[in-house]
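Peer 1: Structure provided below as C-alpha cells; questions to follow.
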C-alpha cells in the first residue's frame, strides 16, 4: 500500500528557532500534498495545499510567512515553522494524493509532534 | 456550507456490538466521502470511502451507508473489537478542490471487552 513518511517524528525546540518537517511519499508520486495541524482531542485543520513546482495555497488565517512550504519534487514536501513560539506546539500531519490513481485517495503520514519551549 | 458535522462525539460499545457514527453535510458539490481511523499519536488511516452514486459500500466489518437526499452518511462497524478503539473521522471533498478534505469533528470509540 501507499506509504507516506514524516521526519522527524518528534521535535523539541527553543522559542524563536525554526523547525523543518519533511513529508515523503515512498512508493508513489504525489501530485498534491497537504499539511494539517491537530490539537489534542480535536479534528485535523488544513493549513495549506502544496502542488509540486508551484506556490502553496494557504487556508484562511494561516500565516504563509510563518509556515513555509516547499514542494520540490513529486515525492517530497517540507514545512518550515519559522521563529517558532509555544503556541505553535502541535501535531503536524501531512498527506499526499496518489498521482497514479483517480487522485481522490489521500494517504497520511504518521505525524510530527512539535513542542516549543 | 463547507462543514461536515459528525456525531456522536464519543461512543462506548461492548465487544461484538455494532458501532454507528453519523455525518451530515451541506455542500451538495461534495462527491467523495472517506472515513479515517486514527490511533493516539498516529496519523489517520483510510478505512473506507464512498461516492454518491451508490447507497452502501461494505469492506469486511466496515460499512458506509449514504443517503444523498438527506445529505447524510454513516459508518457501521460490525462485531466491534477492542482493537477498533480509536478516533474516527468522516470527511468530504469535491472534484474541483484538488482533493482538499473537509473533516468532521471526530468520534472517540471505545470498545469494552
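The values are calculated or read from the model by the stated rules, or taken from the named source; none is laboratory data. Keep in mind the model is a prediction, meaning the values are calculated, not measured. Reconstructed Cβ throughout: ideal geometry from the backbone, glycine too, with neighbour counts over all protein chains shown.
Peer 1: Would you be able to tell me the number of residues in the stretch B:92-113 that are in a loop (DSSP other than H, G, I, E, B) and closer than 18 Å to residue A:50 by Cβ?
Peer 2: Here is the first cut: in the stretch B:92-113, the residues in a loop (DSSP other than H, G, I, E, B) are B:94, B:98-101, B:104-106, B:113.
Among the residues that remain, those that are also closer than 18 Å to residue A:50 by Cβ are: B:98-101.
Residues flagged as in a loop (DSSP other than H, G, I, E, B) and closer than 18 Å to residue A:50 by Cβ within the stretch B:92-113 amount to 4.
Peer 1: Here is a follow-up. Please specify each residue of the stretch B:69-84 satisfying the condition of being assigned to a loop (DSSP other than H, G, I, E, B) and surrounded by fewer than 20 Cβ atoms within 10 Å (Cβ to Cβ).
Peer 2: B:69, B:70, B:71, B:78, B:79, B:81
Peer 1: Here's a follow-up. Does residue A:54 fit the bill of being within 12 Å of residue A:77 (Cα to Cα), assigned to a loop (DSSP other than H, G, I, E, B) and more than 9 Å from every other protein chain (Cβ to nearest Cβ)?
Peer 2: Judged against the criteria, residue A:54 is a match.
Peer 1: Any idea which of (1) at pLDDT 95 or above; (2) within 27 Å of residue B:40 (Cβ to Cβ) is the one residue A:96 doesn't satisfy?
Peer 2: Residue A:96 satisfies all of (1) at pLDDT 95 or above; (2) within 27 Å of residue B:40 (Cβ to Cβ) except (1).
Peer 1: Can you name the condition, by its number, that residue A:76 falls short on among (1) more than 12 Å from the chain's Cα centre (by Cα); (2) more than 25 Å from residue B:90 (Cβ to Cβ)?
Peer 2: Residue A:76 satisfies every listed condition except (1).
Peer 1: If residue B:101 passes every condition in (1) more than 14 Å from residue B:25 (Cβ to Cβ); (2) buried (at least 19 other Cβ atoms within 10 Å of the Cβ); (3) at pLDDT below 95 but one, which one does it miss?
Peer 2: (1)
Peer 1: Return yes when residue B:57 is loosely packed, with under 13 Cβ neighbours inside 10 Å and either away from chain A (no Cβ under 14 Å) or out of contact with any helix residue (DSSP H, G or I) (no Cβ under 8 Å at 6 or more places or on another chain) (or both) and no when it is not. Can you show your working first?
Peer 2: On the way: loosely packed, with under 13 Cβ neighbours inside 10 Å: no; either away from chain A (no Cβ under 14 Å) or out of contact with any helix residue (DSSP H, G or I) (no Cβ under 8 Å at 6 or more places or on another chain) (or both): yes.
Judged against the criteria, residue B:57 is not a match.
Peer 1: Kindly check whether there is at least one residue in the stretch A:5-15 that is touching a helix residue (DSSP H, G or I) at 6+ places or on another chain (Cβ under 8 Å), in a loop (DSSP other than H, G, I, E, B) and more than 18 Å from residue B:99 (Cα to Cα). Spell out how you get there, then give the answer.
Peer 2: Here is the first cut: in the stretch A:5-15, the residues touching a helix residue (DSSP H, G or I) at 6+ places or on another chain (Cβ under 8 Å) are A:15.
Subset that is in a loop (DSSP other than H, G, I, E, B): A:15.
Imposing the further condition that a residue be more than 18 Å from residue B:99 (Cα to Cα) reduces the set to A:15.
Yes, because at least one residue in the stretch A:5-15 is touching a helix residue (DSSP H, G or I) at 6+ places or on another chain (Cβ under 8 Å), in a loop (DSSP other than H, G, I, E, B) and more than 18 Å from residue B:99 (Cα to Cα).
Peer 1: Here is a further query. Among the listed residues A:85, A:7, A:71, identify the single one that is at pLDDT 95 or above and either within 14 Å of chain B (Cβ to nearest Cβ) or within 29 Å of residue B:4 (Cα to Cα) (or both).
Peer 2: A:7
Peer 1: Still on this structure: Of the residues in the stretch A:45-71, how many are exposed (fewer than 12 other Cβ atoms within 10 Å of the Cβ) and under 17 Å from residue B:99 (Cα atoms)?
Peer 2: Of the residues in the stretch A:45-71, 1 are exposed (fewer than 12 other Cβ atoms within 10 Å of the Cβ) and under 17 Å from residue B:99 (Cα atoms).
Peer 1: Of the numbered conditions (1) assigned to a strand (DSSP E or B); (2) touching a residue at least 40 places away in the same chain (Cβ under 8 Å); (3) more than 26 Å from residue A:96 (Cβ to Cβ), residue B:65 fails exactly one; give the number of that condition.
Peer 2: All conditions pass for residue B:65, except number (2).
Peer 1: From the residues in the stretch A:32-44 that are part of a strand (DSSP E or B) and either touching a helix residue (DSSP H, G or I) at 6+ places or on another chain (Cβ under 7 Å) or at the interface with chain B (Cβ under 8 Å from one of its Cβ atoms) (or both), which one is surrounded by the most Cβ atoms within 10 Å (Cβ to Cβ)? Working first, answer last.
Peer 2: Here is the first cut: in the stretch A:32-44, the ones part of a strand (DSSP E or B) are A:32-38.
Going one step further and asking which of them are either touching a helix residue (DSSP H, G or I) at 6+ places or on another chain (Cβ under 7 Å) or at the interface with chain B (Cβ under 8 Å from one of its Cβ atoms) (or both), we end up with A:32, A:34.
Values: A:32: 22, A:34: 28.
Ranking the candidates gives A:34 first.
Peer 1: Applying the selection to the stretch B:4-47, what residues are within 12 Å of chain A (Cβ to nearest Cβ) and on the phi > 0 side of the Ramachandran plot?
Peer 2: If the condition is that a residue be within 12 Å of chain A (Cβ to nearest Cβ) and on the phi > 0 side of the Ramachandran plot, then B:41 is the only one that fits.
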